[in-house]
Amino acid sequence: MTSANHGAVQIPGGIIFLQIGIALVAGLVTAYQPGVNAAFASYSSSRLHGGVLNFLVGAVAMILVCIVARTPLPEMAKIATAPWWAWVGGLLGAFFVTSAIFLVKPMGSANYVATMIAGQFIGTMIIDHFGLMGLNVHSFSLGRGVGLLLMVAGIVCIRYF
């Protein structure tokens, strides 16, 4: 990571297995999130209140992570210069949580998560192909197209078999 990532936890680039392991654990815990959100929402007066509580717990957790990591407070003048799309992360998270709250029970956890991951894969291929959000360009390829088709086949298998 570059020095532009103020306060970011750095993982040495040469430790690819650690990076892969962390990403796998992130995927593993993310698989539990829709079911946890749906269950938590069922204990609220409204499913939507469950989503609010989810974000409150997440905000407290992130504040604690920042305290433990001793990250400096953000400069408001610098934050104000962020592009408009940088501000929609919370909205995207709210959409993710709300979707899970309403869809995981009728669809089933595996079907919901597999379909969601396919959507993520499509989105990331678009981001990579066009280099959106300042990321490096990784053009769409035959291999990526085959990967997408295999994901769709996996969703069909999860749903119908």
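Looking at this structure, is A41 surrounded by 15 or more Cβ atoms within 10 Å (Cβ to Cβ), among the small types (G, A, S) and touching a helix residue (DSSP H, G or I) at 6+ places or on another chain (Cβ under 7 Å)? So A41 fits the description; yes.
What residue, among those in the range 52-91 that are surrounded by fewer than 10 Cβ atoms within 10 Å (Cβ to Cβ) and within 14 Å of the chain's Cα centre (by Cα), is farthest from I127 (Cα to Cα)? Filtering the range 52-91 for residues that are surrounded by fewer than 10 Cβ atoms within 10 Å (Cβ to Cβ) and within 14 Å of the chain's Cα centre (by Cα), the one farthest from I127 (Cα to Cα) comes out as L91.
Which members of the range 93-109 meet the condition of being loosely packed, with under 14 Cβ neighbours inside 10 Å and modelled with pLDDT under 90?
Listed by number, the list is empty, since nothing qualifies.
Criterion first (without any contact (Cβ under 8 Å) to a residue 60 or more places away in the chain and over 30 Å from Y43 (Cα atoms)) does G90 satisfy it? No; evaluated as a whole, the condition is false for this residue. Answer yes if at least one residue in the range 27-37 is modelled with pLDDT under 90, over 16 Å from the mean Cα position of the chain (by Cα) and not aliphatic (A, V, I, L, M), and no otherwise. No, the range 27-37 has no match at all.
The values are calculated or read from the model by the stated rules, or taken from the named source; none is laboratory data. Bear in mind that the values here come from a model prediction, so they are computed numbers and not experimental data. All Cβ positions, even for glycine, are placed from backbone atoms using ideal geometry, and neighbour counts span all protein chains on display.
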